[in-house]
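Beneath this line is the structure, given in structure tokens, with notes to follow.
Taken together, the values in this text are just the output of simple stated rules run on the coordinates, not laboratory data. Since the structure is predicted, the reported quantities are computational estimates derived from the model, not experimental observations. Note: ideal-geometry Cβ built from the backbone for every residue, glycine included; neighbour counts use all protein chains shown.
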Amino acid sequence: MSSSARRLSSRRPQAGFSMIETMIVIGIIGILVNLAVPIYSESRLRAQVASIVGDYQAVRAAVSDYYLTNQEWPADADPGQIPPELVEYLGDRVNWSSPYIYDYDYFADSAGNPTQPEAGVLVGFSVRDADPRLVALLQAARPGPLTETWGNGVTFIIQPALTTTGASPEESPDLDTDEDAGDGE
């Protein structure tokens, strides 16, 4: 046997991976990441929508409880701020400013007359966020009557603005109280 043939046959295989094997593994990992990231992102958005729907339902219940107790709606509040009248009813269950901004709206003058009847809302709950995908998912979820959408948010109706002559918020079918149900009017 020649010396060069002896050297080749006595060579031990080297431990480790070849460059081609490494590139194939990196390519497979890249494909898996590209598949997983959109799924994770969509799941995260759906979780945010579920959280917003829960917050909307909590605010709606608190506003209704306040109205039934005081026979008036809580006053309007600035975006990201809980209306002072609802602190007792909500406590710290709803975070009004992170990661999206909530806005409680009361569209009425001091006499309780709707100031924007064309919008169809007297009392509303608005959600603002810069992500149009989140806004689109909120529109699709429709946790309550939806009155309007704009570029970065939606407003859900808590109490519709009644446009019939002489109607008042007390006559609304939305809030069904025991005394309203039994008086036969």
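Given axes a ≥ b ≥ c from the Cα gyration tensor, I'd like to know whether the stretch 19-169 is rounded (a/c under 1.5), prolate (a/b larger than b/c) or oblate. Cα axes put the stretch 19-169 in the prolate bin. Modelled spin labels at ASN34 and ASN152, positioned 7 Å past Cα toward Cβ, are 3.3 nm from each other. Computed 3J(HN,Hα) for the stretch 59-76, one whole-Hz value per residue from the Karplus formula 6.51 cos²θ - 1.76 cosθ + 1.60 where θ = phi - 60°, is 5, 4, 5, 5, 5, 5, 4, 4, 4, 5, 7, 10, 6, 7, 8, x, 5, 4, glycine and proline marked x.
Peptides 17-23, 114-120, ordered by how many other C-beta atoms sit within 10 Å of their residues on average, highest first, read 114-120, 17-23.
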